[in-house]
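K.L.:
Take this structure first; my questions come after.
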Amino acid sequence: MKKGILTLIKLAKKRLDDLRREMASLENQKMQLLQLTKKLKDELAEEIKLGSQRPDMGRFFGQYAKRMQKRMEDVAGK
């Protein structure tokens, strides 16, 4: 009976280790997505700034903003 309990403990520890590795991987992916989202927001802010300095480029901004919104939604998984 003692051997059976030790085997169950060993299996539970292995499962816990597997879950910890998976969690670390998911946390890494989350950080990458957050960094990408920040980069996209920074790019959009820069384009808004440049667009305000160059009114002749304003006609292109609408399509650019739509593409950026779509990219951010894709990153967010929506």
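Please treat every number below as a calculation from the coordinates, not as lab data. Just so it is clear, the structure is predicted and the values come from calculations on it, not from any experiment. Here the Cβ is made from the backbone with ideal geometry for all residues, glycine too, and neighbour counts use every protein chain on show.
K.L.:
Classify segment 2-76 from the C-alpha gyration tensor, please: rounded if a/c falls under 1.5, else prolate or oblate depending on whether a/b exceeds b/c.
P.N.:
Since a/c reaches 1.5 and a/b is larger than b/c, the shape of segment 2-76 is classed as prolate.
K.L.:
Excluding ALA45 itself, what net charge comes from residues whose Cβ is under 12 Å from its Cβ, given Lys and Arg +1 and Asp and Glu -1?
P.N.:
It works out to a net charge of 0.
K.L.:
Here is a follow-up. Enter the angle in degrees (range 0 to 90, nearest 10) between the Cα long axis of helix 2-53 and the first principal axis of the Cα atoms of the chain, meaning the one along which they spread out most.
P.N.:
Value to nearest ten degrees: 10.
K.L.:
Another question about this same structure. Calculate how steeply helix 58-76 sits against the longest principal axis of the alpha-carbon atoms of the chain, using the helix alpha-carbon long axis, and give the answer as 0 to 90 degrees to the nearest 10.
P.N.:
10 degrees
K.L.:
Note the count of lysine pairs whose C-alpha atoms are less than 30 angstrom apart in segment 2-76, limited to pairs 8 or more residues apart or on different chains.
P.N.:
So the count of such lysine pairs works out to 24.
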